[in-house]
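Working notes, structure below.
Each reported figure results from applying straightforward, stated rules to the coordinates on display, with no laboratory input. If you're wondering where the values come from, they're calculated on a predicted model, not measured in any experiment. Note that each Cβ is placed from the backbone with ideal geometry, even for glycine, and that neighbours are counted across all protein chains shown.
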């Protein structure tokens, strides 16, 4: 069964959402023709779709072994338990379709999202440090280095000596945010920043998955989330392929 949840998890996630909302507002001000209300409407609907998709994949694809043993925990979404890759893919698909329907220029909106994604990643890893997710393999008392090591909980609330994997995740996220932020400040790669963000996040998460010890279902001989990390990287490459000509992608997905 799931342990009692610390209030820090919810506070950290909420602060990440508020900071991201501010960044989106700031990005919309850089393009006076854009309507921030339409942006927020699209992101709100897409966010709900993303959460639903992320929970379904987390339960049925990533952690099926756990939830088949504790089916009553399926609805305890306040513990986290969201697969970020599937949520990201579903959310971006919804954004593409809704942006097309609302006649929204996708390039500045995607650039705003590119600036927010590393920030969400940073807060997600930060929250995981308190919520017991994204943790590394437990260590013996004497068989480890003394750097980046601490007593950290797992998803069952058991505390073991582990490497500070969440701190590494936060460091990766901060580096990605600084890179995309530099593109934004210097006004480079307009319309393509989301592609770079997806590639960098996918590579970082793929690397971090090599040391994780979450209870995750194996798919085709490897950690289930690694296939989704590869899919995120592939989407980033596709985004760069089209660049600012995202109307073509939008039209194909929306079927118009």
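Okay, here's what the table says:
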quantity	calculated
Taking 12, 74 and counting other C-beta atoms within 10 Å, the order from fewest to most	74, 12
Order of 60, 120 under a 10 Å beta carbon neighbour criterion, fewest first	60, 120
Against the rule of thumb 2.2 N^0.38 Å, how large the Cα Rg of region 14-55 comes out	1.28
Order of 111, 41, 229 under a 10 Å beta carbon neighbour criterion, fewest first	41, 229, 111
Cα gyration tensor shape of region 72-127, rounded if a/c is under 1.5, else prolate or oblate by comparing a/b with b/c	oblate
